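The values are calculated or read from the model by the stated rules, or taken from the named source; none is laboratory data. Treat the numbers as computed from the prediction; the structure is a model and nothing was measured. Counting neighbours? That spans all protein chains shown, and the Cβs are built from the backbone with ideal geometry, glycine included.
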Amino acid sequence: MEKLNWFKQAKFGLFIHWGIYSIIERGEWVMYRERISAPEYAKYAEKFNPQNFSMDSLCAFAAECGMKYAVFTTCHHDGFAMFDSQADPFNSMNAPCHRDFVAEFTESCRKFGLKIGLYYSLGDWRYGIMKESDSAEKAAAMRDLTYAQVRELMSNYGKIDILWYDGGWCYPSTQTDTVKDVANFWRSTELNTMVRSLQPDILINNRSGTPEDFSTPEGCIAKNSNGNYTESCFTLGDNENSHWGYFKNETMHKSDAELMKLTLSAICNEHNLLVNVGPDKNGVIPDWQQQLLRKRGEWLKRYDEAAFQVRHTTVSTDCNGLSGNEFCVTAENDEAVFCYFRNFPDRETFIPFMKTDIERAILLNSDAVINCTPHGKGILLSNLPETAPDTLCSVIKLIKRK
């Protein structure tokens, strides 16, 4: 699909979970997990007044970290809209800050060259907790609000590149709800027809119950399926159940190596990687999240040609579908095959099953001269330096013979 081309080339996006739950400092599901009533929860909106917040700083950070697009939570499951919604007064314009953060976000994305993604939760806990207190009587009103707010988002902020649905539960919800049930409840074909009438070039994810343009596995890497391209989304916490919104006492974090592994999967296996940050109540990304993403961003800049200008390859794939060897994985473009070494070998390494002729090898960002010799069914790389030139991941570029 031609309209997916920019998305596939972008590879990396920044997910931003920020809302009044950030005031409570216990994650974005705090209203649900602690069963805070809607009236009690609404009182936090009266305290939402981020000090010295700059959307430009947030989007500049995304660009600095090598992101090509960003996805902003315009309204999470708590129903608080981070924009000037005429459909519901429970929004940021009516909080003490009196700001339309979606307007600021879209403007800043354009300023820093980022494609624009808007997250919107279909489900709203104010209308009941799914499988517990969700109300069939209130379902129609909730759905009407969703349609109205999605229309506002698609109409009031210029060109939008991605609509990222979430919270696609049926109301009332059961233990046996299917994807088809979700699509029927939300009348998703009708909803997305409306969206595309307003934003013809938009990409829509699969969480409204219909396949649309791309799938969004959460906390795991999944292969493209049913003809859909995949974008895997992750927190920087240590597992798939980590918090997406700000959690003050979060101490279990992904390591540099874990984030690099996810990055290489996106590069070599042709799926996108959407990495989340959870700013605090003032919109400041925690230092530990900034450090992880800045380090990875510096790597992306050093290895731009190996990060963004490549595709999946089978030139060095064994019978188990594994790429490269025990030290590296591979990708390619028309000029070269790239070997990504998370674990650097000794002074030499063998790349098996090379199905293309290689002329020479270059260790990127290094002065070392690498020997490249055909050897059986593969090539032998020798004269490697004793230590890795890059602590995150070193890359050898194998130039194809013309």
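Tabulated data
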{"read-out": "When residues of the stretch 105-147 are limited to those that are touching a strand residue (DSSP E or B) at 6+ places or on another chain (Cβ under 7 Å) and part of a loop (DSSP other than H, G, I, E, B), the one farthest from Ser188 (Cα to Cα)", "value": "Leu114"}
{"read-out": "Single condition Gly376 does not satisfy, out of (1) in contact with a strand residue (DSSP E or B) (Cβ under 7 Å, 6 or more places away or on another chain); (2) more than 22 Å from Glu335 (Cβ to Cβ)", "value": "(1)"}
{"read-out": "Ala63 vs. criteria more than 23 Å from Met142 (Cβ to Cβ), of a type in the set (A, V, I, L, M), within 22 Å of the chain's Cα centre (by Cα) and surrounded by fewer than 24 Cβ atoms within 10 Å (Cβ to Cβ)", "value": "yes"}
{"read-out": "Extreme residue, surrounded by the fewest Cβ atoms within 10 Å (Cβ to Cβ), among residues of the stretch 230-282 that are closer than 18 Å to Leu14 by Cβ and β-branched (Val, Ile, Thr)", "value": "Thr230"}
{"read-out": "Contacts under 6 angstrom Cβ, first residue in the stretch 197-223 being at negative phi, partner acidic (Asp, Glu), 6 or more apart", "value": "Leu203/Asp213; Ile204/Glu212; Ile204/Asp213; Asn206/Glu212; Arg207/Asp166; Phe214/Glu231; Thr216/Glu231"}
{"read-out": "Residue list for the stretch 59-85, restricted to those being part of a strand (DSSP E or B) and of a type in the set (Phe, Trp, Tyr)", "value": "Tyr69, Phe72"}
{"read-out": "Scope the stretch 267-288; condition out of contact with any helix residue (DSSP H, G or I) (no Cβ under 9 Å at 6 or more places or on another chain) and either closer than 21 Å to Leu4 by Cα or not in a loop (DSSP other than H, G, I, E, B) (or both); matching residues", "value": "Cys268, Asn269, Leu274, Asp287, Trp288"}
{"read-out": "Candidate set from the stretch 91-101 (those that are in a loop (DSSP other than H, G, I, E, B) and either hydrophobic (A, V, I, L, M, F, W, C) or touching a strand residue (DSSP E or B) at 6+ places or on another chain (Cβ under 6 Å) (or both)); member that is nearest to Met130 (Cα to Cα)", "value": "Ala95"}
{"read-out": "Checking Cys328 against (1) buried (at least 20 other Cβ atoms within 10 Å of the Cβ); (2) more than 30 Å from Gly245 (Cα to Cα); (3) modelled with pLDDT of 95 or more, the condition it does not meet", "value": "(3)"}
{"read-out": "Residue match in the stretch 174-184 (condition: basic (Lys, Arg) and either touching a helix residue (DSSP H, G or I) at 6+ places or on another chain (Cβ under 8 Å) or within 30 Å of Asn249 (Cβ to Cβ) (or both))", "value": "no"}
{"read-out": "Verdict on Arg35 being out of contact with any helix residue (DSSP H, G or I) (no Cβ under 9 Å at 6 or more places or on another chain) and modelled with pLDDT of 95 or more", "value": "yes"}
{"read-out": "Single residue of Thr146, Thr176 found to be in the same structural domain as Thr73 (by TED's automatic domain parsing), over 20 Å from Asn205 (Cα atoms) and either surrounded by 21 or more Cβ atoms within 10 Å (Cβ to Cβ) or β-branched (Val, Ile, Thr) (or both)", "value": "Thr176"}
{"read-out": "Subset of the stretch 307-325 that is outside any loop (DSSP other than H, G, I, E, B) and either surrounded by 22 or more Cβ atoms within 10 Å (Cβ to Cβ) or among the polar types (S, T, N, Q) (or both) - its residue that is modelled with the highest pLDDT", "value": "Ala307"}
{"read-out": "Only listed residue being surrounded by 15 or more Cβ atoms within 10 Å (Cβ to Cβ), in contact (Cβ under 8 Å) with a residue 40 or more places away in the chain and charged (D, E, K, R), chosen from Arg342, Arg294", "value": "Arg342"}
{"read-out": "Candidates Asp88, Asp56 - the one that is in a loop (DSSP other than H, G, I, E, B), farther than 13 Å from Ile16 by Cβ, in the same structural domain as Glu34 (by TED's automatic domain parsing) and not small (Gly, Ala, Ser)", "value": "Asp88"}
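This table checks each residue for (1) in contact (Cβ under 8 Å) with a residue 60 or more places away in the chain; (2) under 16 Å from the mean Cα position of the chain (by Cα).
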site	(1), (2)
Gly237	no, yes
Gly245	yes, yes
Ser255	no, no
Glu258	no, yes
Cys268	yes, no
Asn272	yes, yes
Asn282	yes, no
Trp288	no, no
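For (1) outside any loop (DSSP other than H, G, I, E, B); (2) outside the structural domain of Gln9 (by TED's automatic domain parsing); (3) modelled with pLDDT under 95, each residue gets a yes or a no:
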residue: Thr193; (1), (2), (3): yes, no, no
residue: Arg196; (1), (2), (3): yes, no, no
residue: Arg207; (1), (2), (3): no, no, no
residue: Glu212; (1), (2), (3): no, no, no
residue: Cys220; (1), (2), (3): no, no, yes
residue: Glu231; (1), (2), (3): yes, no, no
residue: His243; (1), (2), (3): no, no, yes
residue: Leu264; (1), (2), (3): yes, no, no
